[in-house]
1. Express in nm, to one decimal, how much length is gained between A:Asp365 and A:Thr146 on full extension, taking 0.36 nm for each residue of separation and deducting their alpha carbon distance.
2. Would you grab the residues whose amide H sits under 5 Å from the one on A:Arg31? Only those 5+ places off in sequence or on another chain, please, with H modelled 1.01 Å from N.
3. Please state the Cα pair-distance histogram of segment A:437-483 with 10 angstrom bins from zero: what percent is in each bin?
4. In whole angstrom, and with the biggest value first, how far do the Cα coordinates of chain A range along each principal axis?
5. Please identify every one of the GluC sites (Glu not before Pro) in segment A:381-484 that sits in a loop by DSSP and has no more than 12 other beta carbons within 10 Å of its own beta carbon.
6. Roughly how tilted is helix A:404-418, in degrees to the nearest 10 and between 0 and 90, from the longest Cα axis of chain A?
7. Rg over Rh of segment A:12-279, using C-alpha atoms and the Kirkwood radius, what does it come to?
8. Given +1 on the Cβ of Lys and Arg, -1 on the Cβ of Asp and Glu, and no further charges, what dipole in debye does chain A carry about its Cα centre, rounded to the nearest 20?
Amino acid sequence: MVDVPPGLEEIRLHDTRTRETRRFVPLVEGRVGIYTCGPTVYAPQTLGNMRSQLFPDLLRRVLAAAGYDVTYVTNITDVGHLVSDADDGDDKMEKAAAASGETAADIAARYTEQWADDRRRLGCLEPDVLPRAADHIAEQIAMVETLEAQGHTYVIDDGVYFDVTTFPRYSEFADLRLDDLESTGRIEGIAEKRNPADFALWKLTPPGVKRQQEWDSPWGRGFPGWHIECSAMATRYLGTTFDVHTGGVDHIRVHHTNEVAQSECALDVHPWVGTWLHNEFLDLGGEKMSKSKGHVLVVDSLVERGIDPLAYRYFFLQAHYRQKQAFTFDAVAAAGTALRRLVGHAVSARDAAAAGAASGADAPDPARVDPYRRRFWAALADDLNAPQALAVVWEAVRSDELSPADRWAFLADADRALGFGLADAAAPDADESGSDPRIDALVAERATARAERDFATSDRIRDELAAEGIELIDTPTGTTWRRA
RNA sequence: GGCGUCGUGGCCGAGUGGCUUAGGCAAGGGACUGCAAAUCCCUGUACGCGGGUUCGAUUCCCGCCGACGCCUCCA
């Protein structure tokens with residue numbers, strides 16, 4: 001039996017479908033399947049997109065800590081994804097390919113790799129399964145055929161469409177009012193569509209057109225509609241029903257509504273997914289200037305400003321996932337400062353704990369550690385309240401009643417959810433002495449000057465090094481340095 | 001226009017019908033230092049506006065103002 005931390009015996013999550021926060025119970029005891037809508041790899045993923053990666057990463061970490069055997073599936077959307085149904089066959093992948101002169105496959109490969117790299121830099125665990133839509137055309141066609149056999153579809157010149165009137169629950173998921181859709185003119189342009197909300201399952205390539213990405217199908221040459229890929233891949237890797245589906249709030253009304261419709265019809269299940277979780281958006285209000293200048297905010301935007309990508313992870317954890325979070329570089333830099341100090345505390349506690357363990361003394365005492373653990377995990381168990389969990393972390397760090405071994409026992413445990421890599425983290429004020437003879441010589445020269453109380457010379461050397469970004473740290477045992 | 005979310009101290013942000021009214025960053029003070037830096041410790045400032053319910057509201061209700069989101073396949 002897996003040891004469940006105190007406070008994590010019962011996890012409560014806010015389900016979008018039922019609009020209530022309730023106890024999480026998996027379909028199969030001890031196991032959890034999670035599906036997250038992945039990136040469309042025609043452009044770099046923004047920091048906003050990455051919030052939708054950090055969120056399910058936190059979720060799976062918490063569920064794993066609670067003892068569940070988690071299967072995490074997220075996809076790569078590397079085909080189709082129309083700019084709009086009104087478009088005449090142009091889609092994002094084809095468009096990006098035309099713009100850069102590369103093949104759609106090249107572009108998909110490049111941005112897939114960049115996305116994966118960004119995830120790693122943010123401390124996200126690797127997906128257990130990472131299916132690509134282009135590799136699952138057969139599954140998608142099969143699902144459309146099933147829907148067709150059941151009478152949920154119709155074919156027009158443009159392609160195969162799902163008739164939403166054949167699924168009476170269509171408006172339930174997102175609490176849609178279909179009259180409104182009509183009056184606001186959602187999805188215009190395909191005149192032959194029977195209902196405004198009907199969506200494409202398979203798009204046909206117009207006669208005389210040759211696309212980079214197209215496949216033969218029972219209906220003719222073309223490519224799958226966007227929504228069908230998630231249903232098809234989730235079914236293949238997680239089964240006809242599964243526990244958790246996540247995504248950004250923008251997907252609720254269209255993408256996930258359509259996923260539910262086609263899945264519940266084709267698979268004859270209800271509800272298709274046990275718990276739907278949606279994260280709110282990052283509010284770029286403070287950075288609209290940079291957006292309008294055409295600069296996309298990505299992980300590298302942080303690195304360029306000397307901000308550790310993990311600072312963004314800390315930043316993410318400071319706000320609740322269902323709340324909009326105001327992004328500014330200053331706010332992320334502030335999170336970086338907090339993280340650096342937290343790592344410093346963790347490393348010293350870790351080292352002290354190791355030293356204590358070596359001498360056989362100072363073992364962590366559960367009686368002292370568990371109250372903190374309980375509050376930490378209980379915060380996360382309460383619909384993933386990471387900000388509150390982080391507050392408990394700081395209380396533990398500053399607590400006088402915890403020994404270094406206690407503190408490290410707590411932090412090592414908490415880091416399973418935080419994901420800062422504390423067990424392997426280097427001290428943030430790492431000494432670089434010895435790595436550069438010229439600087440070491442200057443430091444030695446300054447030490448001599450100080451010994452002779454020639455502070456004019458010692459301060460001059462310090463200022464010169466500071467000017468080139470070298471920070472000196474004077475300690476009772478001597479001076480070390482590092483690059484700031 | 002319709003629907004919805006939100007407005008907390010300099011900033012980011014939890015939370016609660018009354019309790020020592022989170023946490024981080026910044027700021028001020030202190031320790032340390034030859035002076036600094038780094039580090040550690042301490043401290044202050046809050047609940048958009050106007051009504052209402054209540055013994056008591058930042059927390060519940062109504063209105064207003066403001067911000068943001070969705071309604072156009074965008075995380």
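The values are calculated or read from the model by the stated rules, or taken from the named source; none is laboratory data. The model shown is predicted, which means the values in this text are computed figures rather than measured ones. Positions of Cβ are backbone-derived with ideal geometry, glycine not excepted, and every protein chain shown enters the neighbour counts. We work out accessible area using only protein heavy atoms, side chains counted, and drop any ligands, DNA or RNA first. Shrake-Rupley method; radii C 1.70, N 1.55, O 1.52, S 1.80 Å.
1. That works out to 72.9 nm of additional length.
2. Distant-sequence amide H within range of A:Arg31: A:Asp69.
3. 28, 63, 9
4. Extents along the principal axes: 91, 54, 37 Å.
5. Here the sparse-neighbourhood loop sites are A:Glu401, A:Glu452, A:Glu468.
6. Roughly 20 degrees between the two axes.
7. Values: Rg = 18.2 Å, Rh = 19.1 Å.
We get a ratio of 0.95 for segment A:12-279.
8. Numbers: 52 positive and 79 negative charges, 152 e Å.
Dipole magnitude for chain A comes out near 720 debye.
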